[in-house]
Amino acid sequence: MMNIVPIERVERAILVLRGQKVILDVDLAVLYGVPTKVFNQAVKRNRKRFPLDFIFKVTPEEKREVVTNCDHLSRLKFSPTLPYAFTEHGAIMAATILNSPRAVEVSVLIVRAFVRMREALTANRELTQKLAELEQRLDTHDEAIQSLMAAIRSLMTPPEQRRRRIGFVRPDRNAEDK
């Protein structure tokens, strides 16, 4: 199967909003090869297929942030409408309402892109955990080294020597001096 769209293009379209990985309606329309208006009309006609965990409307603040951070979304800057954000499941559901060969192929690419991102995130978590363990080990080593250095320093300090008096010491005073 020849990819219509490079998977890297799909991965670049995935954003994080409200702690979720999403694709905006503008990007999905481009990926599926339909105008955004036609895409959104199809979604509205099939609204029951898109529960709240599949789709949400972007707030003006989120729109500003997305336009600022993503060069390919600069065309949204002057658009009066707020885009929709589709979660992974919403993006797949969108392919079922479009029902074209391109939509089917792109939905497969979208699934693969989300899976690759999830795998990268998992690998990143494992790496972060291993680094934390290493830091903790180093901290305990640092403490051990510091206590070892303190012990060496105390051994390097000459002990205080009590000077004995020169001369004859009477036996009854001998107990007092010690």
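Numerical summary
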read-out	value
Count of residues meeting criterion [touching a residue at least 40 places away in the same chain (Cβ under 8 Å) and assigned to a helix (DSSP H, G or I)] in the stretch 85-107	13
Hits in the stretch 23-74 (condition: assigned to a helix (DSSP H, G or I), more than 27 Å from Asn99 (Cβ to Cβ) and either touching a helix residue (DSSP H, G or I) at 6+ places or on another chain (Cβ under 8 Å) or hydroxyl-bearing (Ser, Thr, Tyr) (or both))	Lys63, Val66, Val67, Thr68, Ser74
Condition broken by Ser79, with the remaining ones in (1) surrounded by 14 or more Cβ atoms within 10 Å (Cβ to Cβ); (2) at pLDDT below 90 satisfied	(1)
Residues located in the stretch 82-108, provided they are surrounded by 17 or more Cβ atoms within 10 Å (Cβ to Cβ) and closer than 15 Å to Lys44 by Cα	Pro83, Tyr84, Ala85, Phe86, Gly90, Ala91, Met93, Ala94, Ala95, Leu98
Scan of the stretch 26-44 for residues that are closer than 21 Å to Phe78 by Cβ, touching a strand residue (DSSP E or B) at 6+ places or on another chain (Cβ under 8 Å) and of a type in the set (A, V, I, L, M), ordered by number	Leu28
Test set (1) assigned to a strand (DSSP E or B); (2) touching a Lys or Arg at 6+ places or on another chain (Cβ under 8 Å) - Leu82 fails condition number	(1)
Residue list for the stretch 48-58, filter: of a type outside the set (D, E, K, R) and surrounded by 13 or more Cβ atoms within 10 Å (Cβ to Cβ)	Phe50, Phe54, Ile55, Phe56, Val58
Boolean, Ser147 is of a type in the set (Ser, Thr, Tyr) and more than 30 Å from His89 (Cβ to Cβ)	yes
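The values are calculated or read from the model by the stated rules, or taken from the named source; none is laboratory data. Owing to the predicted nature of the structure, the values given are computational and were not obtained by experimental measurement. Quick reminder, even Gly has a Cβ in these numbers, built from the backbone with ideal geometry, and neighbours come from all protein chains shown.
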